[in-house]
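Visitor: This is the structure I have questions about; it appears just below.
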Amino acid sequence: MKKGESFWKYKLADWMRDLTSLANPLILVFVPFCFLGPGKPYYYLLLALLINEIVGSLIKLFFHKPRPTGQEYSNAIEKIDAGSFPSLHSSRITVVYLTLFWHADLLVFKVLFLLVIPIVGLSRIFLKKHFLSDVLGGLFFGGLVFLASVYFLK
């Protein structure tokens, strides 16, 4: 906790870091595996995530937009990481949790899966990693990747 920072502001930032970690690639590989198990839907999801990561990174590389707090870079990989648009956290979480929503049978799971998507997006804005437009762009891009995976990867 920083000097002069309130306890609740510190805890909120801590919780937001926890929520944003739901879009960590390792978690996004593990959680769907537990829900979908090994099989075509899971492997198609992995392919969709790979496409999401490659295309999203190319967008960040060639149409660079700095993060809200700025971030220095000296090579292409660092430039991708320093890019703000689109939010790959938002696009990843959208691809995965729309896929889980698509395959869920129980309403409670469908609701939970849909709630995770905006919560992670809001955490990215709160943590000053992205602007609202970056998160919305990531949601849109992730939605397109999801729809393409449903349509092309039947």
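Read the figures in this text as sums done on the coordinates, not as results from a lab. Note that this is a predicted model, so its numbers are computed, not measured. No Cβ is skipped: glycine too gets one built from the backbone with ideal geometry, and neighbour counts run over all protein chains shown.
Visitor: Say R0 is 35 Å: what FRET efficiency, to the nearest 0.05, do Leu127 and Leu46 get from their beta-carbon distance?
Guide: My answer for the efficiency is 0.85.
Visitor: Can you give the helix-only mean residue ellipticity at 222 nm for the chain, where every DSSP H stretch with n ≥ 4 adds -39500 (n - 2.57) and the sum goes over all residues, rounded to the nearest 500 deg cm²/dmol? Each step should come with its number before you reach the end.
Guide: Details: 7 runs with 113 residues, N = 154.
The per-residue figure over the chain is -24500 deg cm²/dmol.
Visitor: What FRET efficiency would be calculated for the residue pair Asp18, Leu147, taking the C-beta separation as r and a Förster radius of 30 Å, to the nearest 0.05?
Guide: Details: r = 29 Å, r/R0 = 0.98.
Efficiency, from the Cβ-Cβ distance: 0.55.
Visitor: For the pairs Lys9/Lys60; Lys11/Lys65; Lys9/Lys79; Lys60/Lys128; Lys11/Lys60; Lys9/Lys128, flag any whose C-alpha to C-alpha distance is greater than 23 Å.
Guide: Details: Lys9/Lys60 31 Å; Lys11/Lys65 30 Å; Lys9/Lys79 31 Å; Lys60/Lys128 17 Å; Lys11/Lys60 31 Å; Lys9/Lys128 14 Å.
As for pairs spanning more than 23 Å Cα to Cα, those are Lys9/Lys60; Lys11/Lys65; Lys9/Lys79; Lys11/Lys60.
Visitor: Where a ≥ b ≥ c are the square roots of the eigenvalues of the C-alpha gyration tensor, would you call the stretch 1-68 rounded, which needs a/c under 1.5, or, failing that, prolate if a/b is larger than b/c, or oblate? It would help to have the intermediate numbers written out before the result.
Guide: Numbers: a/c = 5.89, a/b = 1.50, b/c = 3.93.
Because a/c hits 1.5 or more and a/b fails to exceed b/c, the stretch 1-68 counts as oblate.
Visitor: What whole-number distance in Å separates the alpha-carbon centres of the stretch 26-44 and the stretch 102-154?
Guide: So the two Cα centres are separated by 16 Å.
Visitor: Run the numbers on the chain and let me know its relative contact order in percent, using alpha-carbon pairs under 8 Å that are six or more apart.
Guide: Computed value for the chain: 29 percent relative contact order.
Visitor: If the stretch 1-135 were replaced by its equivalent ellipsoid, with semi-axes equal to the square roots of 5 times the Cα gyration tensor eigenvalues, what would those be, largest first, whole Å?
Guide: Working from the Cα gyration tensor, I get semi-axes of 27, 22, 11 Å.
Visitor: Whole-Hz ³J(HN,Hα) for each residue in the stretch 50-61, computed from phi via Karplus 6.51 cos²θ - 1.76 cosθ + 1.60 with θ = phi - 60°, x for glycine and proline: what do you get?
Guide: Couplings: 5, 4, 4, 5, 5, 5, x, 5, 5, 4, 4, 6 Hz.
Visitor: Quick one: what does P(r) look like for the stretch 70-142 with 10 Å bins over all Cα pairs, in whole %?
Guide: Percent of Cα pairs in each bin: 21, 42, 25, 9, 2.
Visitor: Which ordering of Val96, Val145, Val108 is given by a fewest-first count of other beta-carbon atoms within 10 Å?
Guide: Taking fewest neighbouring Cβ atoms as first place, the list is Val108, Val145, Val96.
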